[in-house]
1. Inspect the stretch 185-192 for any residue being surrounded by fewer than 24 Cβ atoms within 10 Å (Cβ to Cβ), among the polar types (S, T, N, Q), in contact (Cβ under 8 Å) with a residue 40 or more places away in the chain and part of a loop (DSSP other than H, G, I, E, B) and give the result as yes or no.
2. Is it true that some residue in the stretch 389-399 is in a helix (DSSP H, G or I), touching a Phe, Trp or Tyr at 6+ places or on another chain (Cβ under 9 Å) and among the polar types (S, T, N, Q)?
3. Restricting to the stretch 489-507, and then to whatever is among the charged types (D, E, K, R) and surrounded by 20 or more Cβ atoms within 10 Å (Cβ to Cβ), can you tell me which residue is nearest to the chain's Cα centre (by Cα)?
4. Taking the stretch 227-267 as the search range and keeping residues that are part of a loop (DSSP other than H, G, I, E, B) and without any contact (Cβ under 8 Å) to a residue 60 or more places away in the chain, which one is surrounded by the most Cβ atoms within 10 Å (Cβ to Cβ)?
5. For the stretch 473-493, indicate whether the set of residues that are small (Gly, Ala, Ser) and under 24 Å from residue 372 (Cβ atoms) is non-empty.
6. Does the stretch 83-93 contain any residue that is over 30 Å from residue 22 (Cα atoms) and without any contact (Cβ under 8 Å) to a residue 60 or more places away in the chain?
7. Restricting the search to the stretch 85-105, which residues are part of a helix (DSSP H, G or I) and among the polar types (S, T, N, Q)?
8. Would you point out the residue of the stretch 508-522, among those that are at positive phi and not in a strand (DSSP E or B), that is surrounded by the fewest Cβ atoms within 10 Å (Cβ to Cβ)?
Amino acid sequence: MSTPVVEIRDLKVTFDTDAGAVAAVKGVSLQVAAGEVLAIVGESGSGKTVTARSVLGLLPETARTSGAVLLSGRDGSDVQDVTTVSSSALRRLRGRDAAMVFQEPSSVLNPVFPVGWQIAEGLRAHARLTREQAREQAIDVLRRVGIPDPEHRVDHYPHQFSGGQKQRIVIAQALVLNPGLVIADEPTTALDVTVQAEILDLLRILPQEFGAAIVLITHNMGVVADLADRVAVMYDGEIVEQADVRTLFASPQHPYTRRLLDAVPRVGGVRLRERGAPTLTSRPVDPEAGPVVRARGLEVTYPGRLRKPGFTAVAGVDLHIAPGEVLGLVGESGSGKTTIGRAIAGLTHVTGGSLEVLGVEMNGVRERRFRPVRKRIGFVFQDPATSFNPLLTIAQCVAEPLVVHGVADSPQDARPRVDELLEAVQLPRAYGDRFPHELSGGQRQRASLARALALDPELLIADEPTSALDVSVQARVLDLFARLQVELGFACLFISHDLAVVDMLADRIAVLHRGVLVEEGTGDEVLGAPQHPYTQRLLASLPVPDPVEQAARRARWDGLRGA
């Protein structure tokens, strides 16, 4: 191996907190060669992001670091220990020698400046360029990362780009100074599978076209199989296993690595509700009962502004959900999935066709008519961190539906029911006294599920409930969801862009594309033998945790995309 672009030697990172010192990284040693892709995988809290941020000196003031992080210059002329250099030296190497692609582009891009100005900001900090020269380089790097019409879009603002395009712009920011190392922190989290495949295509060409090494931080083992050369598995602040990607997937040695791979959902795997018979059923399902939801020619159009025409988000959709049935709704962002879920919940007006929810026609319904039905519908939101009131405890948040609908007089009065719900979703009762920020992502999602089930709903709408969770946490939440669905017997609309997750849970799957229902059937029919070209593209773009199979799927994806 040639001189490493970065070499980490016995890195230890400890954070000083009010409760005492917390060891986040415990003696990690890694190295990355030029043109190599190293994936660091593990659950949230394993220390992978802290390890990567230490390469750029981006740790907070409360962090105490020991060991060495040796970073080579872009031209290979010098090697510096990032843990000991001055702040001015850190500023010089950031962006030039190493750059970072952050997880959430919307939180990184400044909403009040054009994207071209933000890309040129790094050029102005490290090179003496005129405004015109910086603009030309910004346009060039936007073109290289696949932004269409870069000459005009360089002057657009972040809100004028889609999620996948914003991720490309953040990658362009990292590449504009041609660094020797790019650290990509969860670059595809919560992206649609087709957009994710495009971002992975872009990352794949960086070592060849830009000569950059990549440190990829992710919990998506399919992304690892698609992109990585070597893999380092972290658990509790330590590296428990390192190997080349094919060896690790073929014969993982550490028990944690095997558990991590076993937790990855796979299309065509055993469906969760087939693993065992239900132990109890609180609501018997009448097979002759009419559907809980029936849509006929459903249309939802959002009105235009400033004399612009309206936007039709859902166009002529026919679907139904039987009592006790789980219908999976899949498709890309903008396909109309969430709009249908919100229309069923009475949060978005129906503008055409017919939509019956629990016997109530939603087209033209008045709030007074629908209000009694609301307590029979539960909603699990995509991001529980933003759907919980940060000023209320978890118990108060879960009790809120009970108080609003008059089942309990106060959160204190509802506490016995809240404790019962928390235990049902496998959270200790004591967690009810914590605030949302004191829970992990998986724990908050379980609390969100408890709140949705507080009124024992007949219909549950779950909007991307596991999209940003680690695979092991996702597996536990999905197991819990499947068990509660079998025990409580509620019907469910499960909205997701993850085909493998939907295949594990759903009785039937409906595929949406640009507001139109293009395919519907069982998992075996839709995912086993897809008929519509869009469904075939969705399936081909889904990365699988097997490097050999993923290489073949990537070739199919390239062929379908070209066609």
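The values are calculated or read from the model by the stated rules, or taken from the named source; none is laboratory data. A quick note: this is a predicted structure, and the numbers were derived from the prediction, not measured. Every residue, glycine among them, receives a Cβ derived from its backbone with ideal geometry; neighbour counts consider all protein chains shown.
1. The answer is yes; a qualifying residue exists.
2. Filtering the stretch 389-399 down to residues in a helix (DSSP H, G or I) leaves 394-399.
Filter again for touching a Phe, Trp or Tyr at 6+ places or on another chain (Cβ under 9 Å), leaving 394-395, 397.
Checking which are among the polar types (S, T, N, Q) leaves us with none.
Among the residues of the stretch 389-399, not one is in a helix (DSSP H, G or I), touching a Phe, Trp or Tyr at 6+ places or on another chain (Cβ under 9 Å) and among the polar types (S, T, N, Q), which makes the answer no.
3. Step one: filter the stretch 489-507 for residues among the charged types (D, E, K, R), giving 498, 503, 507.
Imposing the further condition that a residue be surrounded by 20 or more Cβ atoms within 10 Å (Cβ to Cβ) reduces the set to 498, 503.
Values: 498: 10, 503: 18 Å.
Ranking the qualifying residues of the stretch 489-507, first place goes to 498.
4. Taking the stretch 227-267 and keeping what is part of a loop (DSSP other than H, G, I, E, B), we get 228-229, 236-237, 251-254, 263-267.
Still in the running and without any contact (Cβ under 8 Å) to a residue 60 or more places away in the chain: 251-254.
On the way: 251: 10, 252: 19, 253: 13, 254: 15.
Among them, the one singled out is 252.
5. To start, the set of residues in the stretch 473-493 that are small (Gly, Ala, Ser) comprises 475, 482, 489, 491.
Imposing the further condition that a residue be under 24 Å from residue 372 (Cβ atoms) reduces the set to 489, 491.
For the stretch 473-493, residues small (Gly, Ala, Ser) and under 24 Å from residue 372 (Cβ atoms): present.
6. So the first thing to find is which residues in the stretch 83-93 are over 30 Å from residue 22 (Cα atoms), and the list is 92.
With the extra rule that they be without any contact (Cβ under 8 Å) to a residue 60 or more places away in the chain, the set shrinks to 92.
Checked against the condition, which is being over 30 Å from residue 22 (Cα atoms) and without any contact (Cβ under 8 Å) to a residue 60 or more places away in the chain, the stretch 83-93 yields at least one hit.
7. In the first step, residues of the stretch 85-105 are kept if they are part of a helix (DSSP H, G or I); the result is 87-93, 105.
Answer for the stretch 85-105, where residues must be part of a helix (DSSP H, G or I) and among the polar types (S, T, N, Q): 87, 88.
8. Of all residues in the stretch 508-522, those at positive phi come to 514-515, 521.
Filter again for not in a strand (DSSP E or B), leaving 514-515.
Numbers: 514: 15, 515: 23.
Ranking the qualifying residues of the stretch 508-522, first place goes to 514.
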